[in-house]
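Asks: One structure, as structure tokens, below. Some questions next.
The values are calculated or read from the model by the stated rules, or taken from the named source; none is laboratory data. For clarity, every value in this text was computed on a predicted model and none was experimentally measured. When we count neighbours, we look across all protein chains shown, and the Cβ atoms used for this are built from the backbone with ideal geometry, even at glycine. Note: areas computed on protein heavy atoms with side chains; ligands, DNA, RNA excluded. Shrake-Rupley method; radii C 1.70, N 1.55, O 1.52, S 1.80 Å.
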Amino acid sequence: MREGFHQDWNTFIYNLGRNEVRGFLLANALHWLETYHIDGLRVDAVASMLYRDYSREPGEWVPNIYGGRENLESIEFLRHLNCIVAERVPGAVMIAEESTAWPGVTHDIEEGGLGFSFKWNMGWMHDTLRYISQDPIYRSHHHGQMTFGLLYAFSEHFVLPLSHDEVVHGKGSMLGKMPGDRWQQFANLRSYYGFMWGHPGKKLLFMGGEIGQLQEWNENEQVTWEALSDPFHLGVQRWLGDLNRLYRQQPSLHSGDCDSAGFNWLVGDDRNNSVFAFCRNGVEESMPPVLVVSNFTPVPRHNYRVGVPRVGHWREALNSDAECYGGSNLGNNGGVQAQYEPHHGQAFSVELTVPPLATVLFVYDEPMSEPALSPNG
């Protein structure tokens, strides 16, 4: 019971110290990858594999040969698995669902890491869902839940998951977590997705989230595709489709995901207005930066000034408040011109209209020969 049984899940635990067990699991992984040609594997509950005392009280677990809590056999198996997969199936994606601060989950094996391609960012998921579930009037008191993830965002190669665990067992659907009336629920969801697509890290939605399904997930039923006859649900689907297209078209939104130079806060401390603004930068100078601005209150922010790194025109590429998504159609008439007015540590700035409960993405469009003067001259 102290080594071979999961008390939480009522399941047995593999003895990874035995060659035949390791061989069985490795053969299973390779069969899915080589025979069925799937793109990758997600290894569930990695934390429970790494720690011998996972979810156990003193006396309920057996230390390793050195007296520590680390499961040396599991660590060796995971490294071996990732090494073999990389050799036999180049390009296969190996993802760890790992919820602790274990260092180097996605670092190279040669550097002492476990060798996974990506790690689920469970902390980001829980923090931001707690924030977005709050009524907007209380969000100022939870501001740090949206910014905390950037303190460690570049320590691993992360996936931002909105996972199956969050839309089952009475937890409700993604749309059901959103506060407010029906219009506000959909606006909150679109804005949250926009923030997520701008945030460093690969994106993962669970079934039904892409249309704002009202019911929580039921494995015995299909996604409620009939909901797309409703303009609000169709708007969520359109919004995610357009976010995906922009994500592919603009390398700045993904090429610097694992590099701190690919991100910089512009507005991270405006808790009173619940506004966030940041810039995504490409790994090459030729990649135009993308400005992401989110307003998580139902109050539109007019004449809101944000510092930007380049002078010229910033095209309003996407606006979650656009009418085609179900919004109120408040925006910036296609773009804004940067002015020669330093702000937020940047040499230039733009004056924006930030719609209510919305995320707006601007792409740097073109330089100007002369910077625009500020309204004050």
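Condition check ((1) within 19 Å of Cys279 (Cβ to Cβ); (2) modelled with pLDDT under 95; (3) buried (at least 17 other Cβ atoms within 10 Å of the Cβ)) across all residues:
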position: Glu316; (1), (2), (3): yes, no, yes
position: Ser320; (1), (2), (3): yes, no, yes
position: Gly327; (1), (2), (3): no, no, yes
position: Asn332; (1), (2), (3): yes, no, yes
position: Ala338; (1), (2), (3): yes, no, yes
position: Gln346; (1), (2), (3): yes, no, yes
position: Tyr364; (1), (2), (3): yes, no, yes
position: Gly377; (1), (2), (3): no, yes, no
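Asks: Just for the range 7-49: of the residues that are in a loop (DSSP other than H, G, I, E, B) and hydrophobic (A, V, I, L, M, F, W, C), which one is surrounded by the most Cβ atoms within 10 Å (Cβ to Cβ)? Working first, answer last.
Replies: Step one: of the range 7-49, the residues in a loop (DSSP other than H, G, I, E, B) are 7-10, 13-18, 36-39, 44-45.
Imposing the further condition that a residue be hydrophobic (A, V, I, L, M, F, W, C) reduces the set to 9, 13, 16, 38, 45.
On the way: Trp9: 11, Ile13: 15, Leu16: 19, Ile38: 12, Ala45: 16.
The qualifying residue surrounded by the most Cβ atoms within 10 Å (Cβ to Cβ) is Leu16.
Asks: I'd like to check which strands (runs of 3 or more DSSP E) are fully inside the range 277-320 and have at least 2 residues that are without any contact (Cβ under 8 Å) to a residue 24 or more places away in the chain.
Replies: Numbers: elements: 290-295, 301-308, 313-319.
Answer list for the range 277-320: none.
Asks: List, please: which pairs have Cβ atoms under 8 Å, are six or more places apart or on different chains, and start with a residue in the range 145-173 that is farther than 24 Å from Phe116 by Cα and assigned to a helix (DSSP H, G or I) and end with one that is open to solvent by 20 Å² or more (accessible area, probe 1.4 Å) and at pLDDT 95 or above?
Replies: Within 8 Å, the pairs are Gln145/Asp127; Gln145/Arg130; Met146/Asp127; Thr147/Trp265; Thr147/Gly268.
Asks: Scan the range 283-314 residue by residue and report those that are more than 17 Å from Val350 (Cα to Cα) and open to solvent by 20 Å² or more (accessible area, probe 1.4 Å). If you could, list the steps in order and put the result at the bottom.
Replies: Looking only at the range 283-314, we keep the residues that are more than 17 Å from Val350 (Cα to Cα), and these are 283-287, 296-299.
Result: Val283, Glu284, Glu285, Ser286, Met287, Pro298, Val299.
Asks: Let me ask another. Kindly check whether there is at least one residue in the range 102-113 that is at pLDDT 95 or above, among the hydroxyl-bearing types (Ser, Thr, Tyr) and either open to solvent by 30 Å² or more (accessible area, probe 1.4 Å) or out of contact with any Gly (no Cβ under 8 Å at 6 or more places or on another chain) (or both).
Replies: no
Asks: Given the options Pro90, Pro63, name the one that is modelled with pLDDT of 95 or more, surrounded by fewer than 16 Cβ atoms within 10 Å (Cβ to Cβ), outside any helix (DSSP H, G or I) and not small (Gly, Ala, Ser). Please lay out each step first, then the result.
Replies: Details: Pro63 fails: modelled with pLDDT of 95 or more.
Only one candidate passes the filter, namely Pro90.
Asks: I'd like to know if the range 128-142 contains one or more residues that are within 17 Å of Asp257 (Cβ to Cβ), of a type outside the set (Lys, Arg), touching a strand residue (DSSP E or B) at 6+ places or on another chain (Cβ under 9 Å) and in a helix (DSSP H, G or I). Working first, answer last.
Replies: Let us first name the residues in the range 128-142 that are within 17 Å of Asp257 (Cβ to Cβ), namely 128.
Remaining after also requiring of a type outside the set (Lys, Arg): 128.
Now drop any that are not touching a strand residue (DSSP E or B) at 6+ places or on another chain (Cβ under 9 Å), which leaves 128.
Applying the additional criterion that residues be in a helix (DSSP H, G or I) yields 128.
Yes, that holds for at least one residue.
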